[in-house]
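So the structure is just underneath, and the comments pick up after that.
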Amino acid sequence: MTSSVTTTPSTDRFPVHVYGGPTALFEYGGLRFLTDPTFDAPGDHLSGTGVTLTKTAPAAASPADLGRVDVVLLSHDEHADNLDDSGRALLADVPLTLTTPGGGRRLGAGARGLADWEAVTLDRPGGGTVTVTGVPAVHGPGPRESVEPFTGEVVGFVLTGDGLPTVYVSGDNASLDAVREIADRFGPVDTAVLFAGAPRFPFLFDGEPLVLDSAQAAEAARILDARRVVPVHYDSWAHFTEGREDLITAFDTAGLAKVLDLGVPGA
């Protein structure tokens, strides 16, 4: 199957640098945002929930390669495939980490939790502001109240500002109903950084995905009327069951190949 997927952004789009797993870096409104930092070496990593996760590939860069980071957008702090030891160390050098309310309490100084639809306004270096709004995310199949006792609290983010595109960072979300809520408030979305990969464990929810699978990611793009989708969270970990080719096929099948952008690899 021939695909029209781009591997680098077009000239009217800001670059999204991808490092493996859920970690991406982009500049928006003069501020540099990093998602879910994971830079540890491959191997077994014990999560805060007591589950051992196996990393299968190194990150495409080290924290020292990133340059300045102004804000970390952290979907949740309890799983090693979203925040590992190297990522935790990096937070100490970042002025602001936005995350879940519980994560804000656990991470302490420099971290702020955002509830659903709660917004924070950030000053842009050249004047003006960027608004970051916390948005719903459900880390597994079914309603949030039945999922959170097993997988924990997760938050997504929407970035907006005068004269700036609308950006959605999904975090570890498996709920298309949550995507519909976000689309109703913020759609259409210019750039959606969608966490995908269909991670599964046989002992949780009968092996159903804990984050969007590839077909669901394409459907999320349609719901959001997204101009561009940059997928992350689909490689470098053993429990991710769908990868790059699955995403390309799903977007091709949905007639959305032109919106899929695989980002800029590495530093």
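The values are calculated or read from the model by the stated rules, or taken from the named source; none is laboratory data. Computed from a predicted structure; not experimentally measured. Positions of Cβ are backbone-derived with ideal geometry, glycine not excepted, and every protein chain shown enters the neighbour counts.
Conditions tested, residue by residue: (1) under 26 Å from Glu148 (Cα atoms); (2) touching a residue at least 60 places away in the same chain (Cβ under 8 Å).
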{"site": "Leu31", "(1), (2)": "no, yes"}
{"site": "Ser47", "(1), (2)": "yes, no"}
{"site": "Thr54", "(1), (2)": "yes, yes"}
{"site": "Ala59", "(1), (2)": "no, yes"}
{"site": "Pro63", "(1), (2)": "no, no"}
{"site": "Leu66", "(1), (2)": "no, yes"}
{"site": "Val69", "(1), (2)": "no, no"}
{"site": "Leu74", "(1), (2)": "yes, no"}
{"site": "Glu78", "(1), (2)": "yes, yes"}
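For the range 189-201, check the following and say yes or no: at least one residue is of a type in the set (D, E, K, R), part of a helix (DSSP H, G or I) and surrounded by fewer than 20 Cβ atoms within 10 Å (Cβ to Cβ).
Of the range 189-201, the ones of a type in the set (D, E, K, R) are 190, 200.
Still in the list and also part of a helix (DSSP H, G or I): none.
No; the residues of the range 189-201 include none that is of a type in the set (D, E, K, R), part of a helix (DSSP H, G or I) and surrounded by fewer than 20 Cβ atoms within 10 Å (Cβ to Cβ).
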Mind listing whichever residues of the range 202-244 are hydrophobic (A, V, I, L, M, F, W, C), assigned to a loop (DSSP other than H, G, I, E, B) and farther than 14 Å from Ala174 by Cβ?
-> Phe203, Ala226, Ala238
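Each row is one residue, and each column tells you yes or no for (1) over 30 Å from Pro202 (Cβ atoms); (2) within 19 Å of the chain's Cα centre (by Cα); (3) assigned to a strand (DSSP E or B); (4) at pLDDT 95 or above.
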position	(1), (2), (3), (4)
Met1	yes, no, no, no
Ser10	yes, no, no, no
Arg13	yes, yes, no, no
Gly21	no, yes, no, yes
Phe39	no, yes, no, yes
His45	no, no, yes, no
Thr49	no, no, no, no
Leu53	no, yes, yes, no
Which of the residues belonging to the range 102-126 are more than 15 Å from Leu74 (Cα to Cα), touching a Leu at 6+ places or on another chain (Cβ under 8 Å) and surrounded by 12 or more Cβ atoms within 10 Å (Cβ to Cβ)?
-> Leu122, Arg124
Residue count, the range 154-185, condition buried (at least 21 other Cβ atoms within 10 Å of the Cβ) and part of a loop (DSSP other than H, G, I, E, B), comes to 7
If you go through the range 49-58 one residue at a time, do you hit one that is surrounded by fewer than 19 Cβ atoms within 10 Å (Cβ to Cβ) and basic (Lys, Arg)?
-> no
